[in-house]
Amino acid sequence: MDARHRGIQIFGWLFVVAGYGFALLLIRGVLTGITRGFAGRPQAVWLILGYLLFLAVAVYLFTVGRRAISIAKGSPRSKARFGWGRMLLGAVLIFGMANNQFHLLPTRHFVKQLEYENQTQAAAGNVTTVALCIVCIFLIVSGIWKGFRRQSIKPDLNS
């Protein structure tokens, strides 16, 4: 195995370990939330949505790592049909911006909420948030479009 394939394999294992690490953090968060009783809170829907997005990140990292490991070993897996990375990035960024804007999730005392000092800052912040949301929606739609567009069939020139 040459250096390039060894590097791909190392990065693959790092992604697999990162995916497992995120999954363990998610399990810890879910168990902590259950023991503290988040079912009665008004933010329960947003907490569950945050957990699902966190789970999606963990699964995505694990899948990318497994694909890199198999590529390094010389047996590449088939490509993903949809642009899952784009869709996940767009969804996570939109969720983060919505959380900052509407204070959906409870925060600790050491995390400062997003607050503007004057009307100009508020207007500029809102324009920036809307522009970033449009970009994120474009990311999500392009990931979906990748799955539905017609795949070009390349002729086999070796036969």
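What follows is calculated from the coordinates using simple rules that are stated; it is not laboratory data. Bear in mind the structure is a predicted one, so any value in this text is a computation, not a measurement. FYI the Cβ positions are ideal-geometry reconstructions off the backbone, even for glycines, and counts take in every protein chain you see.
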Note to self: Order these by the 10 Å Cβ neighbour count, fewest first: Lys146, Lys112.
What the structure shows: Lys112, Lys146
Notebook entry, point to check: Relative contact order for the stretch 1-78 using alpha-carbon pairs under 8 Å, separation at least 6, rounded to a whole percent?
Noted result: 57
Checklist line | Relative exposure of Val17, Val57, judged by other C-beta atoms within 10 Å (fewest first) | finding: Val17, Val57
Checklist line | Within-12-Å neighbourhood charge of Gly125 [Cβ basis; K, R +1; D, E -1] | finding: -2
Notebook entry, point to check: If R0 is 25 Å, what FRET efficiency do you get for Ala80 and Ala131 from their C-beta distance, rounded to 0.05?
Noted result: 0.35
Checklist line | Tensor-based shape of the stretch 79-151 (alpha-carbon gyration tensor, a/c under 1.5 rounded, otherwise prolate or oblate) | finding: oblate
